[in-house]
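Note sheet for the following structure.
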């Protein structure tokens, strides 16, 4: 695994001090950078880490074990999926409670004051400088890491695919979520529709949500919107129910299911072109 730190290109005289200490992990990590698949995997919410400088955002330990802090099981799932697909991956190293990397900077929930009815003390009353330091420390380096990885494909003459991996809770607001997996997409059907078909035909009778429990048409799917949809890259966001992937055994099982369903789709040469919906 390689770790990288990318600095802002702003005027050094106005350089913001990073919230990440020298002995803490960088804002993101990469896996299998030399992978041969023409696809980049990304994990916006794989970590519940909070840098020491933010003093755990004033939260008790138990909050950091909840879905509000990270997508449970996604680090395990991504690690196995990287191996199955021989694909590179970029993963965030800090909690979405610090800054939500799957939101635009204009979205009020990008640094949530309350999440799932839990007050986040360290996010309340943030100054413009506080917000800018978080953007500089976490958001900008992560965006740049994804851009850098995608540009590496383009330099080799490849229009890459982008697949984002998330997990969701078995219940939400008293509602039992019956899906095992959800496929989130908007306009480009090249990966979602054949993947939906293959997963629904799986012998294990998988309950697959088509834009459930969340929708790819919603602006909260920012990483895909920003890095893939806007550029016409083939893409999809995949949500797996967290209780299915919160163990190594479960993560390996679902990585195998996904890899088997994706392999034929990703082997199609016509996939790797800029999408023109007209």
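Tabulated data
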{"read-out": "Looking only at segment 111-120, and only at residues there that are in contact with a helix residue (DSSP H, G or I) (Cβ under 8 Å, 6 or more places away or on another chain) and either free of Cβ contacts under 8 Å to residues at least 24 places away in the same chain or crowded, with 24+ Cβ neighbours inside 10 Å (or both), the one that is farthest from residue 172 (Cα to Cα)", "value": "111"}
{"read-out": "Filter pass, residue 91 being surrounded by 20 or more Cβ atoms within 10 Å (Cβ to Cβ) and in contact (Cβ under 8 Å) with a residue 24 or more places away in the chain", "value": "yes"}
{"read-out": "Candidate set: segment 43-71, residues that are out of contact with any helix residue (DSSP H, G or I) (no Cβ under 6 Å at 6 or more places or on another chain) and in contact (Cβ under 8 Å) with a residue 60 or more places away in the chain; chosen: the one surrounded by the fewest Cβ atoms within 10 Å (Cβ to Cβ)", "value": "55"}
{"read-out": "Unmet criterion (only one of (1) in contact with a helix residue (DSSP H, G or I) (Cβ under 8 Å, 6 or more places away or on another chain); (2) crowded, with 23+ Cβ neighbours inside 10 Å; (3) closer than 19 Å to residue 247 by Cα) for residue 76", "value": "(2)"}
{"read-out": "Any chance residue 68 is over 30 Å from residue 35 (Cα atoms) and in a loop (DSSP other than H, G, I, E, B)", "value": "yes"}
{"read-out": "Residue satisfying all of: in segment 1-44; within 19 Å of residue 131 (Cα to Cα), part of a loop (DSSP other than H, G, I, E, B) and at pLDDT 95 or above; nearest to the chain's Cα centre (by Cα) among these", "value": "44"}
{"read-out": "Qualifying residue in segment 198-208 (condition: modelled with pLDDT of 95 or more and part of a strand (DSSP E or B))", "value": "yes"}
{"read-out": "Sole residue being over 28 Å from residue 243 (Cα atoms) and buried (at least 21 other Cβ atoms within 10 Å of the Cβ), chosen from 128, 145, 164", "value": "145"}
{"read-out": "Residue under evaluation residue 183, criteria (1) surrounded by 20 or more Cβ atoms within 10 Å (Cβ to Cβ); (2) touching a helix residue (DSSP H, G or I) at 6+ places or on another chain (Cβ under 8 Å); (3) in a helix (DSSP H, G or I), criterion not met", "value": "(3)"}
{"read-out": "Long-range neighbours under 6 Å by Cβ, at least six apart or interchain, first residue at positive phi and at pLDDT 95 or above within segment 142-161, second assigned to a loop (DSSP other than H, G, I, E, B) and surrounded by 20 or more Cβ atoms within 10 Å (Cβ to Cβ)", "value": "none"}
{"read-out": "Selection status of residue 131, part of a helix (DSSP H, G or I), within 22 Å of residue 220 (Cβ to Cβ), in contact (Cβ under 8 Å) with a residue 12 or more places away in the chain and more than 19 Å from the chain's Cα centre (by Cα)", "value": "yes"}
{"read-out": "Residue 104, sole failed condition from (1) part of a helix (DSSP H, G or I); (2) surrounded by fewer than 19 Cβ atoms within 10 Å (Cβ to Cβ)", "value": "(1)"}
{"read-out": "Residues located in segment 187-197, provided they are crowded, with 19+ Cβ neighbours inside 10 Å and in a loop (DSSP other than H, G, I, E, B)", "value": "188, 190, 191"}
{"read-out": "Those helices (runs of 4 or more DSSP H) lying entirely in segment 216-270 with at least 3 residues within 14 Å of the chain's Cα centre (by Cα)", "value": "222-227"}
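The values are calculated or read from the model by the stated rules, or taken from the named source; none is laboratory data. Remember, it's a predicted structure, so these values are computed and weren't measured experimentally. Here Cβ is always computed from backbone atoms with ideal geometry, including for glycine, and neighbour counts include all displayed protein chains.
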